[in-house]
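Enquirer: Sharing a structure below in structure tokens format, with a few things to ask.
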Amino acid sequence: MATEIDVRLHVNIDHVATLRNARDTIYPDPIEAARICIAAGADGITAHLREDRRHIRDADVAALRKELTSTFNLEMAATSEMVDIAIKTKPEVVTLVPERREERTTEGGLDVAGGAVLRSQSKALIGAGIKVSMFIEASAEQVEASAALGAKQVEFHTGVYAHHALGSDDAKRELDRIQKASTLARSLGLEVAAGHGLTRENVKALVAITEIEELNIGHAMIADAIFMSLRESVLQMRSAILAGRA
């Protein structure tokens, strides 16, 4: 399906830091990974500063801010500590995500509708001139709550879609759910992003949803880079996105 909306690709470099931290070395350097991704055509870089610093660390956040002239999207929990770091660092975008110490990766969307604390945290970020994005499930309730808090963007959690076999009825139902939520989000003036579990294979059907204008992809691209180089991973993901929009 043709569209006039380009899809921005933001590469999440968390797992470059995961590999570095496994041996507590200075390599591989996530900042160098960011440079390679941008040079290969990525529109921005995403990094998640977790409470336990399991991959990206505070020094990485500072170095990324100094390095990047393109979009820096900082994923973080809605805590006072993280909000203070974001206001000091001034990324272009802060994506608020749910976080549990025991999880391997983010397991679902943020409950914006039921999260009273989000109001003050969002207000502080917006007051600092930072664009706020909410990482949510594709539901009308969460979309409307995000708009009410002043978010400029919602990012739909695509982990459930990615879990199902390509072309299966379950995958199609999930795509339909994302489509409906995307249409609502756009009608409320929100930018629509998507991420989690996306690969070169499953991204094509997702980006046929023309309201989606940004993707945040990490794990699969870093995995691909082991076999094809990080530069080629970016190029191949770009090609898959274009194929899905054709």
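Enquirer: Please verify whether VAL94 is touching a residue at least 40 places away in the same chain (Cβ under 8 Å) and within 30 Å of ARG231 (Cα to Cα), treating the condition exactly as stated. Show your work before the answer.
Expert: On the way: touching a residue at least 40 places away in the same chain (Cβ under 8 Å): no; within 30 Å of ARG231 (Cα to Cα): yes.
When the stated conditions are applied, VAL94 does not pass them.
Enquirer: Take the conditions within 14 Å of the chain's Cα centre (by Cα), crowded, with 19+ Cβ neighbours inside 10 Å and part of a helix (DSSP H, G or I) and apply them to HIS15. Does it pass?
Expert: Against the criterion (within 14 Å of the chain's Cα centre (by Cα), crowded, with 19+ Cβ neighbours inside 10 Å and part of a helix (DSSP H, G or I)), HIS15 qualifies.
Enquirer: Another question, then. Yes or no: the range 71-86 includes at least one residue that is modelled with pLDDT under 95 and either touching a His at 6+ places or on another chain (Cβ under 6 Å) or on the phi > 0 side of the Ramachandran plot (or both).
Expert: No, that holds for no residue.
Enquirer: Quick check on SER70: is it within 23 Å of ASP111 (Cβ to Cβ) and of a type in the set (Gly, Ala, Ser)?
Expert: When the stated conditions are applied, SER70 does not pass them.
Enquirer: Can you tell me which residue within the range 226-239, out of those that are buried (at least 22 other Cβ atoms within 10 Å of the Cβ) and among the aliphatic types (A, V, I, L, M), is farthest from VAL143 (Cα to Cα)?
Expert: LEU230
Enquirer: Sticking with this structure for a sec: Any idea which of ALA223, ALA240 is closer than 19 Å to GLY44 by Cβ, part of a helix (DSSP H, G or I) and at pLDDT 95 or above?
Expert: Sole residue among the options that is closer than 19 Å to GLY44 by Cβ, part of a helix (DSSP H, G or I) and at pLDDT 95 or above: ALA240.
Enquirer: Quick check on the range 166-175. Is at least one of its residues out of contact with any helix residue (DSSP H, G or I) (no Cβ under 7 Å at 6 or more places or on another chain) and closer than 29 Å to ALA34 by Cα?
Expert: No, there is no match, as no residue in the range 166-175 is out of contact with any helix residue (DSSP H, G or I) (no Cβ under 7 Å at 6 or more places or on another chain) and closer than 29 Å to ALA34 by Cα.
Enquirer: Let me ask you something else. Where the second residue is surrounded by 21 or more Cβ atoms within 10 Å (Cβ to Cβ) and among the charged types (D, E, K, R) and the first is touching a residue at least 24 places away in the same chain (Cβ under 8 Å) and closer than 24 Å to ARG65 by Cβ and lies in the range 106-133, which pairs have Cβ atoms under 7 Å and are six or more apart or on separate chains?
Expert: Sorted first by the residue in the range 106-133, then by its partner, the pairs are SER133/GLU155.
Enquirer: Same structure again: Residues that are within 23 Å of ASP60 (Cβ to Cβ), of a type in the set (A, V, I, L, M, F, W, C) and either within 18 Å of the chain's Cα centre (by Cα) or modelled with pLDDT of 95 or more (or both): does the range 88-95 have at least one? Even if it seems obvious, please write down each step before you answer.
Expert: First pass over the range 88-95, keeping only residues within 23 Å of ASP60 (Cβ to Cβ): 88-95.
Those left that are additionally of a type in the set (A, V, I, L, M, F, W, C): 93-94.
Filter once more, keeping what is either within 18 Å of the chain's Cα centre (by Cα) or modelled with pLDDT of 95 or more (or both): 93-94.
Yes, the range 88-95 contains a residue that is within 23 Å of ASP60 (Cβ to Cβ), of a type in the set (A, V, I, L, M, F, W, C) and either within 18 Å of the chain's Cα centre (by Cα) or modelled with pLDDT of 95 or more (or both).
Enquirer: For residues that are among the charged types (D, E, K, R) and touching a helix residue (DSSP H, G or I) at 6+ places or on another chain (Cβ under 6 Å), tally how many sit in the range 54-84.
Expert: 3
Enquirer: Also: Tell me, which residue of the range 25-75 that is without any contact (Cβ under 8 Å) to a residue 24 or more places away in the chain and either basic (Lys, Arg) or outside any loop (DSSP other than H, G, I, E, B) (or both) is nearest to SER233 (Cα to Cα)? Full working, then the answer.
Expert: Step one: filter the range 25-75 for residues without any contact (Cβ under 8 Å) to a residue 24 or more places away in the chain, giving 25-29, 32, 53, 59, 66, 69.
Pick out the ones that are also either basic (Lys, Arg) or outside any loop (DSSP other than H, G, I, E, B) (or both) and you get 32, 53, 59, 66.
Details: GLU32: 15, ARG53: 26, ALA59: 26, LYS66: 24 Å.
By that ranking, first place goes to GLU32.
The values are calculated or read from the model by the stated rules, or taken from the named source; none is laboratory data. Since the structure is predicted, the reported quantities are computational estimates derived from the model, not experimental observations. As a convention, Cβ positions derive from the backbone with ideal geometry for all residues, glycine included, and neighbour counts pool all protein chains shown.
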